[in-house]
1. Please find, among Thr81, Thr25, the residue that is under 17 Å from the mean Cα position of the chain (by Cα) and not small (Gly, Ala, Ser).
2. Among the listed residues Asn73, Asn98, identify the single one that is open to solvent by 10 Å² or more (accessible area, probe 1.4 Å) and within 25 Å of Glu258 (Cβ to Cβ).
3. Could you check, for region 31-42, whether at least one of its residues is on the phi > 0 side of the Ramachandran plot and under 19 Å from the mean Cα position of the chain (by Cα)?
4. Counting just the residues of region 275-329 that are assigned to a loop (DSSP other than H, G, I, E, B) and at pLDDT below 95, which one comes out surrounded by the most Cβ atoms within 10 Å (Cβ to Cβ)?
5. In the set Ile189, Ile158, which member is touching a residue at least 60 places away in the same chain (Cβ under 8 Å), among the β-branched types (Val, Ile, Thr) and either in contact with a Lys or Arg (Cβ under 9 Å, 6 or more places away or on another chain) or buried (at least 24 other Cβ atoms within 10 Å of the Cβ) (or both)?
6. Looking at Ala149, Ala85, Ala141, which one is touching a Ser or Thr at 6+ places or on another chain (Cβ under 9 Å), farther than 27 Å from Ala301 by Cα and surrounded by 19 or more Cβ atoms within 10 Å (Cβ to Cβ)?
7. For Asn161, only one of the following conditions fails: (1) in a strand (DSSP E or B); (2) touching a helix residue (DSSP H, G or I) at 6+ places or on another chain (Cβ under 7 Å). What is its number?
8. Quick check on region 45-63. Is at least one of its residues among the small types (Gly, Ala, Ser) and out of contact with any helix residue (DSSP H, G or I) (no Cβ under 7 Å at 6 or more places or on another chain)?
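The values are calculated or read from the model by the stated rules, or taken from the named source; none is laboratory data. Everything quoted here is computed from the prediction, not taken from an experiment. Because the Cβ atoms are built from the backbone with ideal geometry, glycine has one as well, and the counts that use them run over all protein chains shown. Note: areas computed on protein heavy atoms with side chains; ligands, DNA, RNA excluded. Shrake-Rupley method; radii C 1.70, N 1.55, O 1.52, S 1.80 Å.
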Amino acid sequence: MSPSKKQCVDALSALKQHTTVVADTADFNLIAKYKPQDATTNPSLLLAAANKPEYKHLIDDAVTYGKANGKTNDEIVDKTTTKLAVNFGIEILKHVPNRVSTEVDARLSYDKEGSIAKAHEIIALYEKAGISRDRVLIKLASTWEGIQAGRALELEGIHCNLTLLFSFAQAVACAQAKVTLISPFVGRILDWFKAAKPDGDFAGKNDPGVVSVQKIYNYYKKHGYNTIVMGASFRNTGEIKNLCGCDYLTIGPALLEELKNDASGMTPVLSAEAAKKMDLPFVEEYHEKDFLFAHNEDQMAVEKLSDGIRKFAADGRKLEAKIKEILGF
């Protein structure tokens with residue numbers, strides 16, 4: 001075939017040559033359409049999917065489980081909600097070859113032991129269904145308590161995805177804890193800077209969310225950390241293109257479709273080889289007081305972490321309200 005007749009490679013296919021693409025959705029049909037390697041869920045995605053009649057059987061099964069295993073109304077709701085998240089995860093794993101992320105309740109973000117207990121409950125449900133823990137990532141907020149819960153769980157062979165990550169200090173602490181994966185939030189960082197500096201130029205490579213993830217990726221590769229960097233929360237395809245080469249990127253359906261219809265291709269921006277040549281000072285092991293101070297120095301990160309936890313907790317309450325409605329509580 002002559003060069004002029006060669007079929008153009010769409011941007012999504014080109015991206016997949018350099019970065020593992022993860023679907024940020026709990027809709028099985030969309031996952032099947034875009035063929036990502038992994039998928040990630042959260043309460044808001046589960047709530048949206050739970051309102052679709054084709055998923056009623058998953059809700060019914062979760063309700064049956066909750067009623068059988070909870071003693072009080074609150075326990076029944078909690079058990080049902082956890083089982084529903086796992087049910088969706090099990091179905092998602094039929095469509096992706098690698099892993100699914102299942103979230104620990106955001107209201108446990110400052111409770112290390114509570115987070116560990118909920119992670120054990122989630123993994124037990126997956127394993128009872130015949131799913132190996134190697135195919136599941138437990139999603140935890142990147143608070144000090146969440147990071148230390150991740151450290152403890154990783155020692156048990158339970159892999160973790162540390163989310164709501166906005167500061168370099170959070171990223172360093174996660175690497176030191178040897179968690180499997182982090183999810184720095186590109187778009188939410190951009191949102192904060194746009195609100196704080198309405199006249200700022202944040203286009204393309206100036207996007208502060210992109211700059212943040214590039215810095216984290218390069219630091220990890222420079223110093224030999226194995227923790228996977230998965231950029232998340234994108235506002236446009238330009239952010240994605242400027243992170244081509246990052247380990248993983250988790251992308252919502254609208255932007256996946258836009259990339260699929262984009263014939264302009266994709267050029268790698270990040271590489272481990274280039275990072276290893278950079279002059280990036282090493283950060284010594286954090287103690288809690290050191291971490292809290294370093295994180296607190298980043299006003300954006302402090303505000304976005306607390307805001308993110310509140311929003312995820314609110315989404316969790318909305319999902320619980322849906323479950324209570326179904327249960328008749």
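1. Thr25
2. Result of the check over Asn73, Asn98: Asn98.
3. Scanning region 31-42 turns up at least one residue that is on the phi > 0 side of the Ramachandran plot and under 19 Å from the mean Cα position of the chain (by Cα).
4. Phe329
5. Working: Ile158 fails: touching a residue at least 60 places away in the same chain (Cβ under 8 Å).
Unique residue meeting the criteria: Ile189.
6. It is Ala85.
7. With (1) in a strand (DSSP E or B); (2) touching a helix residue (DSSP H, G or I) at 6+ places or on another chain (Cβ under 7 Å) applied to Asn161, the lone miss is (2).
8. First, pick out the residues of region 45-63 that are among the small types (Gly, Ala, Ser): 48-50, 62.
Now narrow it down to the ones that are out of contact with any helix residue (DSSP H, G or I) (no Cβ under 7 Å at 6 or more places or on another chain): 48.
There is at least one residue in region 45-63 that is among the small types (Gly, Ala, Ser) and out of contact with any helix residue (DSSP H, G or I) (no Cβ under 7 Å at 6 or more places or on another chain).
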